[in-house]
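The values are calculated or read from the model by the stated rules, or taken from the named source; none is laboratory data. Quick caveat: nothing in here was measured; it's all calculated off a predicted structure. Reconstructed Cβ throughout: ideal geometry from the backbone, glycine too, with neighbour counts over all protein chains shown. Note: areas computed on protein heavy atoms with side chains; ligands, DNA, RNA excluded. Shrake-Rupley method; radii C 1.70, N 1.55, O 1.52, S 1.80 Å.
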Amino acid sequence: MKENAREAILLAAREAAMAYGYGGINFRDLAETVGIKAASINYYFPNKASLGEAVAKRYWEDISADLDAISAEARDPIDALRRYPSIFRASLERDNRICLSSFMATEHAELPEAVLKEVQTFADVNVAWLSRHLTAAGIVGPDESEPRARAIYAAVAGAQIIARSRSDISVFDGLIESYRAAGPLPR
(Lines give C-alpha, C1' and ligand atoms only; values in the text may rest on other atoms or scores of the structure.)
Protein backbone atom coordinates (compact mmCIF):
# COMPACT_ATOMS: atom_id res chain seq x y z
CA MET A 1 0.00 0.00 0.00
CA LYS A 2 2.82 2.43 0.84
CA GLU A 3 4.36 2.20 -2.63
CA ASN A 4 0.94 2.59 -4.24
CA ALA A 5 0.25 5.75 -2.21
CA ARG A 6 3.66 7.19 -3.14
CA GLU A 7 3.00 6.49 -6.83
CA ALA A 8 -0.49 7.97 -6.61
CA ILE A 9 0.95 11.13 -5.03
CA LEU A 10 3.61 11.39 -7.76
CA LEU A 11 1.01 10.94 -10.49
CA ALA A 12 -1.37 13.50 -8.98
CA ALA A 13 1.50 15.97 -8.51
CA ARG A 14 2.63 15.43 -12.10
CA GLU A 15 -0.87 16.21 -13.39
CA ALA A 16 -1.06 19.31 -11.20
CA ALA A 17 2.35 20.53 -12.38
CA MET A 18 1.47 19.94 -16.04
CA ALA A 19 -1.68 22.02 -15.59
CA TYR A 20 -0.51 24.70 -13.14
CA GLY A 21 3.28 24.45 -12.81
CA TYR A 22 5.28 24.05 -9.63
CA GLY A 23 2.98 26.54 -7.93
CA GLY A 24 0.10 24.14 -8.57
CA ILE A 25 1.60 21.43 -6.37
CA ASN A 26 -0.48 21.75 -3.20
CA PHE A 27 -0.46 19.02 -0.53
CA ARG A 28 -4.11 19.60 0.41
CA ASP A 29 -5.33 19.29 -3.18
CA LEU A 30 -3.09 16.30 -3.83
CA ALA A 31 -4.35 14.55 -0.70
CA GLU A 32 -7.94 15.07 -1.82
CA THR A 33 -7.15 13.71 -5.29
CA VAL A 34 -5.34 10.67 -3.89
CA GLY A 35 -7.83 10.11 -1.06
CA ILE A 36 -5.46 10.47 1.89
CA LYS A 37 -4.84 13.05 4.61
CA ALA A 38 -2.58 15.95 3.63
CA ALA A 39 -0.24 15.14 6.52
CA SER A 40 0.22 11.65 5.06
CA ILE A 41 2.03 13.13 2.07
CA ASN A 42 4.81 14.23 4.44
CA TYR A 43 5.53 10.56 5.17
CA TYR A 44 6.68 10.17 1.55
CA PHE A 45 7.83 13.71 0.80
CA PRO A 46 8.88 15.92 3.73
CA ASN A 47 8.20 19.13 1.81
CA LYS A 48 7.05 20.54 -1.50
CA ALA A 49 10.62 20.81 -2.80
CA SER A 50 11.29 17.10 -2.31
CA LEU A 51 8.00 16.24 -4.03
CA GLY A 52 8.72 18.65 -6.88
CA GLU A 53 12.18 17.15 -7.33
CA ALA A 54 10.77 13.60 -7.40
CA VAL A 55 8.06 14.59 -9.89
CA ALA A 56 10.48 16.37 -12.23
CA LYS A 57 12.97 13.50 -12.05
CA ARG A 58 10.30 10.89 -12.79
CA TYR A 59 9.09 13.04 -15.66
CA TRP A 60 12.43 13.16 -17.44
CA GLU A 61 12.99 9.46 -16.75
CA ASP A 62 9.62 8.64 -18.32
CA ILE A 63 10.30 10.86 -21.33
CA SER A 64 13.74 9.29 -21.73
CA ALA A 65 12.04 5.88 -21.90
CA ASP A 66 9.56 7.29 -24.45
CA LEU A 67 12.44 8.57 -26.56
CA ASP A 68 14.13 5.16 -26.36
CA ALA A 69 10.86 3.58 -27.53
CA ILE A 70 10.70 5.98 -30.48
CA SER A 71 14.27 5.02 -31.39
CA ALA A 72 13.47 1.32 -31.17
CA GLU A 73 10.26 1.58 -33.20
CA ALA A 74 11.55 3.95 -35.89
CA ARG A 75 12.75 2.62 -39.24
CA ASP A 76 15.79 4.90 -39.11
CA PRO A 77 17.06 8.09 -37.39
CA ILE A 78 15.08 10.33 -39.75
CA ASP A 79 11.88 8.48 -38.87
CA ALA A 80 12.72 8.86 -35.17
CA LEU A 81 13.20 12.61 -35.63
CA ARG A 82 9.87 12.85 -37.44
CA ARG A 83 8.18 11.16 -34.48
CA TYR A 84 9.82 13.38 -31.84
CA PRO A 85 7.05 16.05 -31.70
CA SER A 86 4.51 13.35 -30.81
CA ILE A 87 5.76 13.38 -27.21
CA PHE A 88 4.81 17.04 -26.85
CA ARG A 89 1.55 16.55 -28.75
CA ALA A 90 0.53 13.81 -26.33
CA SER A 91 0.48 16.32 -23.45
CA LEU A 92 -1.83 18.62 -25.39
CA GLU A 93 -4.12 15.67 -26.10
CA ARG A 94 -4.52 15.22 -22.33
CA ASP A 95 -6.77 18.15 -21.44
CA ASN A 96 -4.51 20.76 -23.03
CA ARG A 97 -1.58 20.06 -20.71
CA ILE A 98 1.95 21.12 -21.52
CA CYS A 99 5.31 19.61 -20.80
CA LEU A 100 5.92 19.70 -17.08
CA SER A 101 9.50 20.88 -17.61
CA SER A 102 8.45 23.71 -19.91
CA PHE A 103 5.94 24.90 -17.35
CA MET A 104 8.39 24.64 -14.47
CA ALA A 105 11.17 26.31 -16.46
CA THR A 106 9.03 29.45 -16.65
CA GLU A 107 9.02 29.44 -12.83
CA HIS A 108 12.84 29.43 -12.68
CA ALA A 109 13.13 32.08 -9.98
CA GLU A 110 10.71 30.25 -7.66
CA LEU A 111 12.10 26.74 -8.06
CA PRO A 112 14.27 25.14 -5.39
CA GLU A 113 17.72 24.26 -6.78
CA ALA A 114 17.06 20.49 -6.74
CA VAL A 115 13.85 20.91 -8.77
CA LEU A 116 15.56 23.23 -11.24
CA LYS A 117 18.33 20.66 -11.73
CA GLU A 118 15.78 18.00 -12.71
CA VAL A 119 13.99 20.44 -15.05
CA GLN A 120 17.31 21.20 -16.75
CA THR A 121 18.04 17.48 -17.01
CA PHE A 122 14.82 17.07 -18.99
CA ALA A 123 16.10 19.57 -21.56
CA ASP A 124 19.52 17.90 -21.59
CA VAL A 125 17.96 14.46 -22.22
CA ASN A 126 15.96 15.83 -25.14
CA VAL A 127 18.90 17.69 -26.66
CA ALA A 128 21.21 14.67 -26.35
CA TRP A 129 18.65 12.38 -27.99
CA LEU A 130 18.02 14.84 -30.82
CA SER A 131 21.75 15.42 -31.28
CA ARG A 132 22.47 11.68 -31.61
CA HIS A 133 19.70 11.23 -34.16
CA LEU A 134 20.63 14.32 -36.18
CA THR A 135 24.21 13.02 -36.46
CA ALA A 136 23.15 9.42 -37.19
CA ALA A 137 20.80 10.66 -39.93
CA GLY A 138 23.62 12.65 -41.52
CA ILE A 139 21.63 15.88 -41.27
CA VAL A 140 24.47 17.66 -39.47
CA GLY A 141 27.94 16.77 -38.32
CA PRO A 142 28.83 16.15 -34.69
CA ASP A 143 30.01 19.76 -34.20
CA GLU A 144 26.68 21.15 -35.39
CA SER A 145 24.33 18.65 -33.79
CA GLU A 146 23.92 20.20 -30.34
CA PRO A 147 22.95 23.72 -31.51
CA ARG A 148 20.52 22.22 -34.04
CA ALA A 149 19.11 19.90 -31.37
CA ARG A 150 18.57 22.84 -29.01
CA ALA A 151 16.78 24.74 -31.78
CA ILE A 152 14.48 21.79 -32.46
CA TYR A 153 13.75 21.28 -28.76
CA ALA A 154 12.98 24.98 -28.29
CA ALA A 155 10.81 25.10 -31.42
CA VAL A 156 8.73 22.05 -30.50
CA ALA A 157 8.32 23.15 -26.87
CA GLY A 158 7.37 26.62 -28.10
CA ALA A 159 4.80 25.20 -30.50
CA GLN A 160 3.25 23.35 -27.58
CA ILE A 161 3.01 26.54 -25.52
CA ILE A 162 1.40 28.50 -28.36
CA ALA A 163 -1.09 25.69 -29.04
CA ARG A 164 -2.00 25.53 -25.36
CA SER A 165 -2.62 29.27 -25.23
CA ARG A 166 -5.20 28.79 -27.98
CA SER A 167 -6.55 25.45 -26.67
CA ASP A 168 -6.09 24.25 -30.25
CA ILE A 169 -3.94 21.24 -31.05
CA SER A 170 -4.18 22.04 -34.76
CA VAL A 171 -1.98 25.09 -34.05
CA PHE A 172 0.71 22.70 -32.78
CA ASP A 173 0.32 20.49 -35.85
CA GLY A 174 0.56 23.48 -38.18
CA LEU A 175 3.68 24.80 -36.50
CA ILE A 176 5.37 21.38 -36.64
CA GLU A 177 4.57 21.15 -40.36
CA SER A 178 6.03 24.62 -40.89
CA TYR A 179 9.20 23.53 -39.07
CA ARG A 180 9.43 20.56 -41.42
CA ALA A 181 8.99 22.83 -44.44
CA ALA A 182 11.51 25.40 -43.18
CA GLY A 183 14.10 22.83 -42.16
CA PRO A 184 14.60 22.57 -38.41
CA LEU A 185 12.77 19.21 -38.48
CA PRO A 186 13.21 16.69 -41.28
CA ARG A 187 10.34 16.08 -43.67
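Within the stretch 85-105, residues that are without any contact (Cβ under 8 Å) to a residue 24 or more places away in the chain sit with their Cβ atoms under 6 Å from residues that are buried (at least 22 other Cβ atoms within 10 Å of the Cβ), at 6+ positions apart or across chains, in these pairs: A105/V119.
Which residues, counting only those in the stretch 55-89, are open to solvent by less than 20 Å² (accessible area, probe 1.4 Å) and either within 27 Å of I41 (Cα to Cα) or assigned to a helix (DSSP H, G or I) (or both)? If the condition is that a residue be open to solvent by less than 20 Å² (accessible area, probe 1.4 Å) and either within 27 Å of I41 (Cα to Cα) or assigned to a helix (DSSP H, G or I) (or both), then V55, A56, Y59, I63, L67, I70, D79, A80, L81, P85, F88 are the ones that fit. The residue that is nearest to the chain's Cα centre (by Cα), among those in the stretch 91-112 that are closer than 25 Å to E146 by Cα and open to solvent by 40 Å² or more (accessible area, probe 1.4 Å), is A105. D29 meets each of the listed conditions (1) free of Cβ contacts under 8 Å to residues at least 60 places away in the same chain; (2) closer than 29 Å to I162 by Cα; (3) open to solvent by less than 50 Å² (accessible area, probe 1.4 Å) apart from (3).
Okay, residues lined up against (1) farther than 30 Å from P186 by Cα; (2) of a type outside the set (D, E, K, R):
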residue: A31; (1), (2): yes, yes
residue: S40; (1), (2): yes, yes
residue: L51; (1), (2): yes, yes
residue: K57; (1), (2): no, no
residue: S71; (1), (2): no, yes
residue: R82; (1), (2): no, no
residue: I98; (1), (2): no, yes
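Restricting attention to the stretch 133-155, does a residue exist that is polar (S, T, N, Q) and open to solvent by 30 Å² or more (accessible area, probe 1.4 Å)? Within the stretch 133-155, one or more residues are polar (S, T, N, Q) and open to solvent by 30 Å² or more (accessible area, probe 1.4 Å). With respect to the conditions (1) assigned to a helix (DSSP H, G or I); (2) at pLDDT 95 or above, A19 lacks only one, and its number is (2). Within the stretch 169-185, being more than 14 Å from S86 (Cβ to Cβ) and open to solvent by 60 Å² or more (accessible area, probe 1.4 Å) holds for S170, A181, A182.
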